[in-house]
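Structure, as structure tokens:
The values are calculated or read from the model by the stated rules, or taken from the named source; none is laboratory data. Since this is a predicted model, take the numbers as computed values, not measurements. Every residue, glycine among them, receives a Cβ derived from its backbone with ideal geometry; neighbour counts consider all protein chains shown. Keep in mind that these areas ignore ligands, DNA and RNA; they rest on the heavy atoms of the full protein, side chains included. Shrake-Rupley method; radii C 1.70, N 1.55, O 1.52, S 1.80 Å.
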Amino acid sequence: MFVKLQMFGHTCILVCSMLGRSCVFIARTFFHPTKFRRIFPLFIDEVYHLGVLSLPIILLSSLFIGMVLGLQGYNTLNKFGSTAQLGQLVALSIVRELGPVITGLLFAGRAGSSLTAEIGLMQTTEQISSMEMIGVDPHWRVVAPRLYAGIFCMPLLSIIFCALAIFGGYLVGVKWLNVDSGIFWSNMRDSVDFNVDILGGIIKSFTFGIVITWIAVFQGYNTQHTPDGVSIATTKTVVYSSLMVLILDFVLTAVMIGDW
Amino acid sequence: MDDNGHKTCISVDGVSYSWFDKQICNNISLKIPKGKITVIMGPSGTGKTTVLRLIGGQLYPAKGRILFNDVDIHKLSYKELLKIREEMGLLFQSAALFSNISVFDNVAFPYREHTNMSKEMIYHLVNMKLEVVGLRGARDLMPNELSGGMARRIAIARALALDPSLMMFDEPFVGQDPITVGILIKLMEQLNKILGMTIIIVSHDVEECFKLADYLYIMSGGKILGEGTVQDIQGSKNGHVQQFINGKPDGAIPFHYTAQPFSEDILNVC
């Protein structure tokens, strides 16, 4: 019993210490006197690696998710004779929840893991140490551009995801199942509120962007210097990021609804 | 000033360093004279590389202090530490080239980060540094296209980019062919004699180090076992030192890592 209690205490201390170190880590990057003019080309490079290279998976997933939603939504609404509400159903599901959450999960798997692996490999091959010995702060040169690019790309990817998923729903609902095009779009326009739904989705995706990139760069930077260190860090990034996206989604939704 | 009247570049005073429960350095004291080649030798795993990392401020000692040009390295702020590192060059055992940029960009990296030189000037300086290590023709290659020896030479060119006053080499001769070893020895001698660069070499290659060293330290088990000029070391009566420089398998330095007797291991399993 005493040993178990000791182990529990030890685990709690380790978790608290890791949280503390990750907060110091992010603060060191955010509050670093960054030379924006010099960081800009690196930032653009990372926007390409994290954002542009994530586009294929985002585009393909969003189209099919929108199409499945259109098909399932039509099938259910048809039982009640209210297929006219299909546009509303597709748009609200995607803009409020599916868009930010699935983009977050895909971003964690595609960009988060690659970020961790890249920085982790730089650690294990002593590239970070050599950068420090040249007198360059890796927080400025390696971490900051990736962190800012991740935070910048995630809301944009989420917006693209939402637009294409709605288009997928439109293809299935209107082009295939013959829902009236005017009704589809006008119901959507009436029910989707910019401040509540669209802005809410963007706030969620922005928050997910911060958390995913934070976890990814922190895990990469603290990779163990062993051959399996990078694989452990990459796995941790995907697992922690995915869990955080789902937990934060619930918290943010609860805060946004607000009137319980 | 050391005992021979030379100005001291690095002074390591009673430094101890532990990694978790393992004591890597135990109350080590060294004096690295300015403008000389100092070699730290010893068997693998005795804390030689740790000493270099302590001097570079990448590790913090549990006890003692390290002065670089009379400045306590470990009392500097991080920003000051980065600044003072522009005066140091460290060649890592693994070369540690940046894998996502070309050889040219690797050598140009310190210039782009620390100076406002024009592109043309950087181009000429990088070519000069690459010419020194004999790899000007490899400037457009990526690090994954280089052999281990070539990568090490590129890393030397990068470390020399800002013409540091102190250059530290961590096992520079490992994995190099005899011609490259000869060229490296000549390069180190030239850097030392022509530019007056202070050089620290960490190595266990006795023959090469004896050719180069002005002063030697022999380390084992985290302690300094012997020090002096090549003649002093060769004439040392210390059993540890003699065992190491003559490569004797039996002696005071154990070949086996500390363990319980082998018979006990066998009996416990049975």
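For the reader, a short list of remarks on this structure follows.
- Of all residues in segment A:168-182, one or more are part of a helix (DSSP H, G or I), among the basic types (K, R) and open to solvent by 50 Å² or more (accessible area, probe 1.4 Å).
- Of the residues making up segment B:104-159, just one is away from chain A (no Cβ under 13 Å), touching an Asp or Glu at 6+ places or on another chain (Cβ under 7 Å) and closer than 26 Å to A:D137 by Cβ, namely B:F104.
- Test: residue in segment B:149-169 that is surrounded by fewer than 18 Cβ atoms within 10 Å (Cβ to Cβ) and over 17 Å from the mean Cα position of the chain (by Cα): no
- Matching strands (runs of 3 or more DSSP E) fully within segment B:1-99 where at least 3 residues are more than 28 Å from B:T258 (Cβ to Cβ) and among the polar types (S, T, N, Q): none
- Of the residues making up segment B:55-83, those that are open to solvent by less than 30 Å² (accessible area, probe 1.4 Å), within 9 Å of chain A (Cβ to nearest Cβ) and either in contact with a Phe, Trp or Tyr (Cβ under 8 Å, 6 or more places away or on another chain) or at negative phi (or both) number 3.
- Single match in A:H49, A:H32 (criterion: touching a residue at least 40 places away in the same chain (Cβ under 8 Å), part of a helix (DSSP H, G or I) and under 21 Å from A:I215 (Cβ atoms)): A:H49
- Leading residue by the ranking (surrounded by the most Cβ atoms within 10 Å (Cβ to Cβ)) among those in segment A:222-247 that are in contact with a helix residue (DSSP H, G or I) (Cβ under 6 Å, 6 or more places away or on another chain) and aliphatic (A, V, I, L, M): A:A233
- With a requirement of 3 or more residues that are within 12 Å of another protein chain (Cβ to nearest Cβ), the helices (runs of 4 or more DSSP H) lying completely within segment A:77-157 that satisfy it span A:113-124, A:127-133.
- Meets criteria (open to solvent by 30 Å² or more (accessible area, probe 1.4 Å), away from chain A (no Cβ under 14 Å) and free of Cβ contacts under 8 Å to residues at least 40 places away in the same chain) for B:S94: no
- Every pair of residues 6+ apart whose Cβ atoms lie under 8 Å, when the first sits in segment B:171-191 and is more than 14 Å from B:V206 (Cα to Cα) while the second is surrounded by fewer than 14 Cβ atoms within 10 Å (Cβ to Cβ): B:G175/B:G148
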